[in-house]
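*Asks:* Before we start, here is the structure in question, set down as structure tokens.
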Amino acid sequence: MSKTDVSRRGVLKTSAVAGAGLAVPTIFTAQSAAAFTNEPTGSSVTLGFNVPQTGPYADEGADELRAYELAVEHLNGGGDGGMMNTFSSKALQGNGILGKKVEYVTGDTQTKSDAARASAKSMIEKDGAVMITGGSSSGVAVAVQALCQEAGVIFMAGLTHSNDTTGKDKKANGFRHFFNSYMSGAALAPILAANYGNDRKAYHLTADYNWGYTTEEAVRNSTEALGWDTVAAVKTPLTQTDFSSYIAPVLQSGADVLVLNHYGGNMVNSLTNAVQFGLRDKEVNGKNFEIVVPLYSRLMARGAGANVKGIFGSTNWHWSLPDAGTQAFVKSFGTKYGFPPSQAAHTCYVQALLYADAVERAGSFNPCAVGEALEGFQFDGMGNGPTLYRAADHQCFKDVLVVKGKENPTSEFDLLEIVEITPVSQVTYDASIFGGELGACNPGA
Amino acid sequence: MDALLLQFLNGLDKGSAYALIALGLTLIFGTLGVVNFAHGALFMIGAFCAVTLNRILTLSHEVIDETRTDFLGNPLKVDVPYVYDIFGEATGAAIIDWSVPLAILFAIPVMIGVGVAMERGLIRHFYKRPHADQILVTFGLAIVLQEIIKYYYGANPIPTPAPAAFTGSFDFGAMIGFEPNTIIYPYWRLVYFCFAAVIIGAVFAFLQFTTFGMVVRAGMADRETVGLLGIDIDRRFTIMFGMAAAVAGLAGVMYAPITSPNYHMGMDFLVLSFVVVVVGGMGSLPGAVLAGFLLGILESFASMREVLEIVPGLNQIIIYLVAIVILLTRPRGLMGRKGVMEE
């Protein structure tokens, strides 16, 4: 007969060792047995969709999530296949990714960097997500990208427009399909010069955060190179809702163009205030006063209502493009949800497919293999024409759309018209101008 | 000089909103002794009354337009509002155009109802609880209300334009002898200022010249004695809560064309309105109005480019700086009464 002695000290020792083991995040323990973080071993693979489900960009987040759900459906062989039918790469077969069924978990970024990092961390550690994607803010994208780099998973950015995401804050594990502030400035400036002339005085109102600064800098550099003069650039708090005290002095400054480096609710309110103050009805320096919004989105345009009519801006993609990829995506999305997708939905859908395709081509979920497959990858059929994922900074290079608020919209979705498709050569820049280092890819092992 | 006058005018409409919200806050605090952090949410609900009435008036049935196609290439479904069918297209369009002013009539009963329900259903249970409890429960209520609005209306701002007759602006500078285009002021902001002046005047007249108002003022001064006289002061205070909610709601309705309503707009005004109440003097109705306009105008001056070049970010802290100075020099605020919040 055996006797088991259970002493208080022994229980404490055992508990301490077990507790310490449990306390070590799986992000570090899992790698000891696997080649890379969250290597899928079963019949399914989990992707993490980190989008703003609450907060000021919740509507954009909802559209991103719809796009991801559609992408998962198509990857698993459901629906009509959407852009998989038009994608130039034919690696995706509609049987999941590498034969594994695609499953997903979602997180809420709340458009706050700390919340976004926490939700991404949870999806990686608790849910075993092998890739994180989504978001509607550059601050969030930079924060989550850095986390994914540390954790050893791929980050496919959602809507992020700051130069820094693939500039000074770029990471080897992070990839951006969306265009950036530099491209907006480079695409817009010639159109502005053609429509408003080379002798203009611009007044900038700029959202007081990273994206605002890079956008102001890009538009200033581009317009000043064409002969425009910048008479003032005023920072506005991100929390501002009434811009009257910023807009009222614009006419007194002698400016004849107002550039609103604002996004989301900021843009809706500042543009509404500018129109209320009658700026667009004024004549200054013998010219009609004009307003420019460097980054447009359809969801924002809907918020600003009739105030967007005739105002120029840039956008990454628009549902009215005639190419086969856009048509296929709009048909899939529109049939499933009853309205056309936003540019946020488009970039997220494309990112999900690009990731899956890279895994198929690499033959592995290893983030370093996937990164290698994405670097320098040239593709077409995804709505933006021929596109390159540049190896030097993991930024996509493609044509940029210059749009204008439509004078006579036929529906609440038909608010913007494309006035120019700026060729990629005009918006391409040297990868080194924004600084930063990609560093080495981290598989998490 | 023209720049100063311009910022003074700009401060008037924001000051009007601060004054209206602070007036309601002071009414509730003065009568019920409750620090109501859900008051900003009432302002927001008022703005969404304008959105809701606009949506009701634009309720439509679909008519197929075979000559045009939608984004999927199908025949375009055109929405035709029912008011067009009932009143004809011209009158129907005019009714929709005037939806914001019409929303005043819609918002008054809605806001009184919301206010009374809020007071009877929740806040009355916290009359005898510490102010910290009241702040926690009303702040929680504000979050719940804004999340409900977000659930039904989404997170993005909803454009709610003023009637076409009041869009655009007028050259106030040219009218008083300045250079043209130096002092521009939108028509609707002038309307808002006048509307706020009328509402503030009506509240003061109601309290000053009606028996009901007299009883309320007596109750604010000495609730116990009024109760001992056999007057049901609680019932009157509940009605005052409803009135304060209506004032905040009306401020929100008319503010909708100035800032497109969004679920968070109440929070943006709430904290500043509390500072306004404190600067004006807790429990002082004239103090709340005075401080509302004063701080609105000061905030506008602090947003001038010339000022921001000297002190960056001053516009974001000016109200709090003034509050610190006032509380250091006049601890009861500009027009505060002795004994309020001092026990």
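The values are calculated or read from the model by the stated rules, or taken from the named source; none is laboratory data. The structure displayed is predicted, hence computed values, not measured ones. So basically every Cβ, Gly included, is an ideal-geometry build from the backbone, and we count neighbours across all protein chains shown. These accessible areas exclude ligands, DNA and RNA; they are computed on the full protein's heavy atoms, side chains included. Shrake-Rupley method; radii C 1.70, N 1.55, O 1.52, S 1.80 Å.
*Asks:* Report the residue count in the range B:86-100 for those that are touching a residue at least 12 places away in the same chain (Cβ under 8 Å) and either of a type in the set (A, V, I, L, M) or part of a helix (DSSP H, G or I) (or both). Give the steps one after another, and end with the answer.
*Replies:* Going residue by residue through the range B:86-100, those that are touching a residue at least 12 places away in the same chain (Cβ under 8 Å) are B:95-100.
Now drop any that are not either of a type in the set (A, V, I, L, M) or part of a helix (DSSP H, G or I) (or both), which leaves B:95-97, B:99-100.
Going through the range B:86-100 one residue at a time, the tally reaches 5.
*Asks:* Given the structure, is A:THR215 touching a helix residue (DSSP H, G or I) at 6+ places or on another chain (Cβ under 6 Å) and at pLDDT below 90?
*Replies:* Values: touching a helix residue (DSSP H, G or I) at 6+ places or on another chain (Cβ under 6 Å): yes; at pLDDT below 90: no.
When the stated conditions are applied, A:THR215 does not pass them.
*Asks:* Consider the range B:310-329. How many of its residues are in contact (Cβ under 8 Å) with a residue 12 or more places away in the chain and either more than 14 Å from every other protein chain (Cβ to nearest Cβ) or in a loop (DSSP other than H, G, I, E, B) (or both)? Quick ask: steps written out before the conclusion?
*Replies:* Applying the first criterion (in contact (Cβ under 8 Å) with a residue 12 or more places away in the chain) to the range B:310-329 yields B:314-315, B:318-320, B:322-323, B:326-327.
Filter once more, so that each one left must be either more than 14 Å from every other protein chain (Cβ to nearest Cβ) or in a loop (DSSP other than H, G, I, E, B) (or both): B:322-323, B:326-327.
Matching residues across the range B:310-329 total 4.
*Asks:* Exactly one condition in (1) open to solvent by 20 Å² or more (accessible area, probe 1.4 Å); (2) within 20 Å of A:PRO409 (Cα to Cα) is not met by A:VAL330; state its number.
*Replies:* Unmet condition: (1).
*Asks:* OK, next. I'm checking my understanding of the structure. Among residues of the range B:136-153 that are open to solvent by less than 60 Å² (accessible area, probe 1.4 Å) and touching a residue at least 40 places away in the same chain (Cβ under 8 Å), which one is farthest from the other protein chains (Cβ to nearest Cβ)? Walk me through how you get there before you give the answer.
*Replies:* Keep residues of the range B:136-153 that are open to solvent by less than 60 Å² (accessible area, probe 1.4 Å), which gives B:137-138, B:140-142, B:145-146, B:149-150, B:153.
Pick out the ones that are also touching a residue at least 40 places away in the same chain (Cβ under 8 Å) and you get B:138, B:141-142, B:145-146, B:149-150, B:153.
Numbers: B:THR138: 21, B:LEU141: 18, B:ALA142: 15, B:LEU145: 15, B:GLN146: 11, B:ILE149: 12, B:LYS150: 7, B:TYR153: 10 Å.
Per the stated criteria, the residue is B:THR138.
*Asks:* Then there is this: Would you check if B:MET243 is within 14 Å of chain A (Cβ to nearest Cβ), touching a residue at least 24 places away in the same chain (Cβ under 8 Å) and assigned to a helix (DSSP H, G or I)? Quick ask: steps written out before the conclusion?
*Replies:* Numbers: within 14 Å of chain A (Cβ to nearest Cβ): no; touching a residue at least 24 places away in the same chain (Cβ under 8 Å): yes; assigned to a helix (DSSP H, G or I): yes.
No; evaluated as a whole, the condition is false for this residue.
*Asks:* Just for the range A:265-289: of the residues that are facing another protein chain (nearest Cβ under 8 Å) and part of a loop (DSSP other than H, G, I, E, B), which one is surrounded by the most Cβ atoms within 10 Å (Cβ to Cβ)?
*Replies:* Here the answer is A:PHE277.
*Asks:* Against the condition part of a helix (DSSP H, G or I), crowded, with 21+ Cβ neighbours inside 10 Å and not charged (D, E, K, R), how does B:GLY287 come out, does it pass? First the steps, then the outcome.
*Replies:* Details: part of a helix (DSSP H, G or I): yes; crowded, with 21+ Cβ neighbours inside 10 Å: yes; not charged (D, E, K, R): yes.
Spelling it out, B:GLY287 is indeed part of a helix (DSSP H, G or I), crowded, with 21+ Cβ neighbours inside 10 Å and not charged (D, E, K, R).
*Asks:* Right, next: Can we say A:ALA143 is in the same structural domain as A:GLU60 (by TED's automatic domain parsing), in contact (Cβ under 8 Å) with a residue 60 or more places away in the chain, surrounded by fewer than 24 Cβ atoms within 10 Å (Cβ to Cβ) and not basic (Lys, Arg)? Reasoning before the result, please.
*Replies:* On the way: in the same structural domain as A:GLU60 (by TED's automatic domain parsing): yes; in contact (Cβ under 8 Å) with a residue 60 or more places away in the chain: no; surrounded by fewer than 24 Cβ atoms within 10 Å (Cβ to Cβ): yes; not basic (Lys, Arg): yes.
Taking the combined requirement at face value, the residue does not satisfy it.
*Asks:* For A:GLY128, indicate whether it is farther than 17 Å from A:THR37 by Cβ and in the same structural domain as A:ASP357 (by TED's automatic domain parsing). First the steps, then the outcome.
*Replies:* Values: farther than 17 Å from A:THR37 by Cβ: no; in the same structural domain as A:ASP357 (by TED's automatic domain parsing): yes.
Taking the combined requirement at face value, the residue does not satisfy it.
*Asks:* Please work out which residue is farthest from A:VAL284 (Cα to Cα), limiting yourself to the range A:173-201 and to residues that are open to solvent by less than 10 Å² (accessible area, probe 1.4 Å) and among the small types (Gly, Ala, Ser).
*Replies:* Among those residues, the one meeting the criterion is A:GLY174.
*Asks:* I'm told B:VAL307 meets every condition in (1) part of a helix (DSSP H, G or I); (2) closer than 27 Å to B:LEU105 by Cβ except one. Can you identify the failing condition by its number?
*Replies:* Just one mismatch for B:VAL307, condition (2).
*Asks:* Quick check on B:LEU4: is it over 14 Å from B:ALA245 (Cα atoms), open to solvent by 10 Å² or more (accessible area, probe 1.4 Å) and at pLDDT 85 or above? Spell out how you get there, then give the answer.
*Replies:* Values: over 14 Å from B:ALA245 (Cα atoms): yes; open to solvent by 10 Å² or more (accessible area, probe 1.4 Å): yes; at pLDDT 85 or above: no.
So B:LEU4 does not fit the description; no.
*Asks:* Looking only at residues in the range A:290-306 that are farther than 13 Å from A:VAL403 by Cβ and buried (at least 19 other Cβ atoms within 10 Å of the Cβ), which one is farthest from the chain's Cα centre (by Cα)? Quick ask: steps written out before the conclusion?
*Replies:* Step one: filter the range A:290-306 for residues farther than 13 Å from A:VAL403 by Cβ, giving A:290-291, A:299, A:302-306.
Adding the requirement that they be buried (at least 19 other Cβ atoms within 10 Å of the Cβ) leaves A:290-291, A:299, A:302-305.
Values: A:GLU290: 28, A:ILE291: 25, A:LEU299: 14, A:ARG302: 19, A:GLY303: 20, A:ALA304: 21, A:GLY305: 24 Å.
It comes out as A:GLU290.
*Asks:* Related question: With the condition kept exactly as written, say whether any residue in the range B:91-98 is more than 27 Å from B:PHE241 (Cα to Cα) and open to solvent by less than 10 Å² (accessible area, probe 1.4 Å).
*Replies:* Step one: of the range B:91-98, the residues more than 27 Å from B:PHE241 (Cα to Cα) are B:91-98.
Then keep just the ones that are open to solvent by less than 10 Å² (accessible area, probe 1.4 Å); that gives B:92.
The answer is yes; a qualifying residue exists.
*Asks:* So, one more: Take the residues in the range A:235-264 that are more than 7 Å from every other protein chain (Cβ to nearest Cβ) and part of a helix (DSSP H, G or I), then tell me which one is surrounded by the fewest Cβ atoms within 10 Å (Cβ to Cβ).
*Replies:* Result: A:SER253.
A quick yes/no check of all residues on (1) more than 14 Å from chain A (Cβ to nearest Cβ); (2) within 24 Å of B:ILE148 (Cα to Cα); (3) open to solvent by less than 50 Å² (accessible area, probe 1.4 Å):
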| site | (1), (2), (3) |
| --- | --- |
| B:LEU12 | no, no, yes |
| B:ASN36 | yes, yes, yes |
| B:GLY40 | no, yes, yes |
| B:MET44 | no, yes, yes |
| B:ALA47 | no, yes, yes |
| B:PHE71 | no, no, yes |
| B:PRO75 | no, no, no |
| B:TYR84 | yes, no, no |
| B:PHE87 | yes, no, no |
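*Asks:* Do the conditions hold for A:GLY212, that is, is it open to solvent by less than 10 Å² (accessible area, probe 1.4 Å) and assigned by TED's automatic domain parsing to the domain that holds A:THR160? Show your work before the answer.
*Replies:* Working: open to solvent by less than 10 Å² (accessible area, probe 1.4 Å): yes; assigned by TED's automatic domain parsing to the domain that holds A:THR160: no.
No, not satisfied.
*Asks:* Hey, another quick one. Quick test for you: out of B:VAL253, B:VAL198, B:VAL271, B:VAL275, pick the one residue that is open to solvent by 40 Å² or more (accessible area, probe 1.4 Å), in a helix (DSSP H, G or I) and under 25 Å from A:GLY265 (Cβ atoms).
*Replies:* Working: B:VAL253 fails: open to solvent by 40 Å² or more (accessible area, probe 1.4 Å); B:VAL198 fails: under 25 Å from A:GLY265 (Cβ atoms); B:VAL275 fails: open to solvent by 40 Å² or more (accessible area, probe 1.4 Å).
Step by step, each of B:VAL253, B:VAL198, B:VAL271, B:VAL275 is checked, and only B:VAL271 is open to solvent by 40 Å² or more (accessible area, probe 1.4 Å), in a helix (DSSP H, G or I) and under 25 Å from A:GLY265 (Cβ atoms).
*Asks:* Answer yes or no as to whether B:LEU76 is under 18 Å from the mean Cα position of the chain (by Cα) and not hydroxyl-bearing (Ser, Thr, Tyr). Spell out the reasoning first.
*Replies:* Details: under 18 Å from the mean Cα position of the chain (by Cα): no; not hydroxyl-bearing (Ser, Thr, Tyr): yes.
Considered against the rule, which asks whether it is under 18 Å from the mean Cα position of the chain (by Cα) and not hydroxyl-bearing (Ser, Thr, Tyr), B:LEU76 comes out as no.
*Asks:* Please go through the range A:290-336 and pick out each residue that is over 27 Å from A:ALA193 (Cα atoms) and away from chain B (no Cβ under 13 Å).
*Replies:* Listed by number, the residues that qualify are A:ASP323, A:ALA324, A:GLY325.
*Asks:* Look at B:PHE126 and say whether it is within 21 Å of the chain's Cα centre (by Cα), open to solvent by 30 Å² or more (accessible area, probe 1.4 Å) and more than 10 Å from chain A (Cβ to nearest Cβ). It would help to see each step written out before you state the result.
*Replies:* Details: within 21 Å of the chain's Cα centre (by Cα): no; open to solvent by 30 Å² or more (accessible area, probe 1.4 Å): yes; more than 10 Å from chain A (Cβ to nearest Cβ): yes.
When the stated conditions are applied, B:PHE126 does not pass them.
*Asks:* Moving on. Cβ contacts < 8 Å: first residue within 8 Å of another protein chain (Cβ to nearest Cβ) and hydroxyl-bearing (Ser, Thr, Tyr), restricted to the range B:295-309; second residue part of a helix (DSSP H, G or I) and open to solvent by 20 Å² or more (accessible area, probe 1.4 Å), any location; separation 6+ or different chain. Result?
*Replies:* Going by the 8 Å Cβ cut-off, the qualifying pairs are B:SER300/B:PHE8; B:SER300/B:LYS14.
*Asks:* Output the strands (runs of 3 or more DSSP E) that fall wholly within the range A:337-445 and possess 2 or more residues being more than 14 Å from chain B (Cβ to nearest Cβ), open to solvent by 10 Å² or more (accessible area, probe 1.4 Å) and within 28 Å of A:MET300 (Cα to Cα), or say none. Explain how you work it out, then say what you get.
*Replies:* Values: elements: A:377-379, A:387-389, A:400-405, A:416-422.
Because the criterion is at least 2 residues that are more than 14 Å from chain B (Cβ to nearest Cβ), open to solvent by 10 Å² or more (accessible area, probe 1.4 Å) and within 28 Å of A:MET300 (Cα to Cα), the strands (runs of 3 or more DSSP E) in the range A:337-445 that meet it are A:416-422.
*Asks:* Filter the range A:88-118 down to residues that are in a strand (DSSP E or B) and over 19 Å from A:PRO40 (Cα atoms), then give me how many there are.
*Replies:* 2
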